[in-house]
């Protein structure tokens, strides 16, 4: 397929008001994802440590935890946009379309590779 014409595969396994999960098959990555604002979905070890957030990604079997340092991320991003260093519509459109499709999907637990927090 010529560059720029790849269409990612999107499957939603869970879609609730406070959490969602699914599977994305992108051109160069396969992603099982889980997003939640429900503190009860945090790992017990994280809750016991008094932590209210947990951000992690696993690449080739190696986990990278990056929960710290996100307090002012949105403010920094907005400052960059106001300084003319943001992304244009052309760059942002695929991400916006993906989020729209996820938010309007019908969850299907039988399709794709489920995140372990959903199984």
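Rule-based calculations on the coordinates, nothing more; no lab input. Only a predicted model underlies this, so the values are computations on that prediction, with no experimental measurement involved. We place every Cβ from the backbone using ideal geometry, glycine too, and count neighbours over all the protein chains shown.
Points 7 angstrom from Cα along the Cβ direction at residue 97 and residue 111: gap in nanometres?
1.8
Sort 78, 54 so that the residue with the fewest other Cβ atoms within 10 Å of its own Cβ comes first and the one with the most comes last.
78, 54
Using the basic label-point model (7 angstrom from Cα toward the beta carbon), what is the residue 66 to residue 45 distance in nanometres?
2.0
Name the shape class, rounded, prolate or oblate, that the alpha-carbon gyration tensor gives for the chain, where a ≥ b ≥ c are the square roots of its eigenvalues, rounded holds for a/c under 1.5, and otherwise prolate holds if a/b is larger than b/c and oblate otherwise.
Verdict is oblate for the chain.
Which distance in nm do the two modelled labels at residue 78 and residue 9 give, with both placed 7 Å along the Cα-to-Cβ direction?
About 3.9 nm separates the two model spin labels.
Highest mean first, what order results for 9-21, 82-94, 98-110 on Cβ atoms within 10 Å?
Going by the mean number of other Cβ atoms within 10 Å, highest first, we get 9-21, 98-110, 82-94.
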